């Protein structure tokens, strides 16, 4: 794969990319209060006295938030710090009532880790890249300002104020929009497997601050800019492309890049300056006097370790090694935890229904999950009732295919009716005339008639025109209205024709 470069008037420029991903921790309540975290609630209905910074209200750490951060760190093979501390980051935002954010800077709960990413989705077994993680720290989110509700004033919604975030800070190891998107995609997959974040970027529960700088290949690092709160992988790529080109144009025009915070305008596809980028001393960090340090014992860490599920890389290797799936199918099935769960549920149900080991029917189940079922569901649109789409019902259809009682095309028809009506697959096949015949006597009788009516073609076939075999198969299937078992048709024709 060729290196990503920005072409300027003075030659090529290399792009250096680092990402700070903010992931909302999956919990019922906020980081330091008991207020709910449900998305979409009416403004200011999920705000406790702590969130509103009422005098005398003290924060109490949410144990589950700490647990989920630790589990996430373990999932990326990161160093877990048994001792960590919360700091106050002082600045004024109208949507942060305290006037400071409780975060972790000097002593984060998770240290260095790494993520392996694939750079070619169509060739997942091709060489990938390791992206370093500098740290994961826990902090509280701010609220939300709304400027379009009134012509002369702004409103504030504090529902998000105090919601627990993990800030996952990468090293500046990425060199292209492709690598950045692959990193976010893999990180999102891991978070969803672990269950520490739902990864819903549209709702803002996962978003990235995109740090970009440019340099001549192999040269000194340039000054970086940070584009805040980018909430889709497509937008992340657009930010990198636009910002890298902008910086090159500024430098080659005789200007200098200013370290600053920028915002992305998705409608125009461009970034714009928001404020100069502060350094740590500008925020006047100091240990939060209302919170004791977080100290983790070995029993807590072991519980976190034991609670981790099989992660995507390990699952993919198992699918290839134990189930015999192709690298591509294994990668697609494991990319999203929901897909992997549907596949494994179908695999168990089908193996039970057919009475074969999972490895013997894994390819059939994978094809159903990745190709057949999505195609039928898409074609039905709103007519597809997914409440009927149970693993047991799908397995019953695959069992009929394996037995030879329905063909592949008939299986699709049975599945369509199942999704519309919820009827039993076996009853659908029987009453709708969708059963395939494996009656060798009936098939032999049809074959005999076809050969008798096509003696010239039989002679040509026996004279060496092997391609005519397909003609005899087609005529047999046509005569039996597509209901003959193709495998038996082929076997009987080969036996008769010699």
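Points worth noting:
- Ranking of 125, 198 by neighbouring Cβ atoms within 10 Å, starting from the fewest: 125, 198.
- Most to least packed among 203-209, 257-263 [average Cβ atoms within 10 Å]: 203-209, 257-263
- Where only C-alpha atoms are counted, convex hull volume of the range 233-295 per residue in Å³: 159
- Globularity index of the range 159-227, i.e. its alpha-carbon radius of gyration over 2.2 N^0.38 Å: 1.33
- For the range 6-303, taking Cα atoms only, Rg and Dmax work out to 19.7, 60 Å respectively.
- The C-alpha radius of gyration of the range 182-301, expressed as a fraction of 2.2 N^0.38 Å, stands at 1.35.
- Working note: Cα gyration tensor of the range 440-497, eigenvalues times five, square-rooted, sorted largest first, giving semi-axes of 18, 11, 10 Å.
- Here the Kirkwood formula, the inverse mean of 1/r across different C-alpha pairs, assigns the range 310-431 a hydrodynamic radius of 14.6 Å.
- Contact order relative to length of the range 440-497, as percent, for alpha carbon pairs under 8 angstrom and 6 or more apart: 40
- Taking other C-beta atoms within 10 angstrom as a stand-in for reagent exposure, 285, 415, 91 fall in the order 91, 285, 415, fewest first.
- A viscosity of 0.890 mPa s and a temperature of 25 °C, combined with the Kirkwood radius over Cα pairs in Stokes-Einstein, give a translational diffusion coefficient for the range 372-483 of 153 µm²/s.
- Each of 418, 292 was scored by other Cβ atoms within 10 Å of its Cβ. Arranged with the fewest first, they read 292, 418.
- Where only DSSP H runs of four or more residues are counted, the chain gives -12000 deg cm²/dmol as its mean residue ellipticity at 222 nm, each run worth -39500 (n - 2.57).
- Estimated FRET transfer efficiency (residue 297, residue 44; beta-carbon r; R0 45 Å; 0.05): 0.70
- Gain on full stretching of the segment that runs from residue 348 to residue 10 - 0.36 nm per residue minus C-alpha separation: 115.6 nm
- Pairs of alpha carbons in the range 1-89 whose separation is greater than 22 Å (percent): 53
- In this calculation the C-beta distance from residue 457 to residue 437 is compared with R0 = 25 Å, giving a FRET efficiency of 0.55.
- Whole-number D in µm² s⁻¹ for the chain, Kirkwood Cα-pair radius fed into Stokes-Einstein, 20 °C, 1.002 mPa s: 79
Values in this text are rule-based calculations from the coordinates and carry no lab data. As the structure is a computational prediction, the values presented were derived from the model and not from experiment. All Cβ positions, glycine included, derive from the backbone under ideal geometry; neighbour counts span all protein chains shown.
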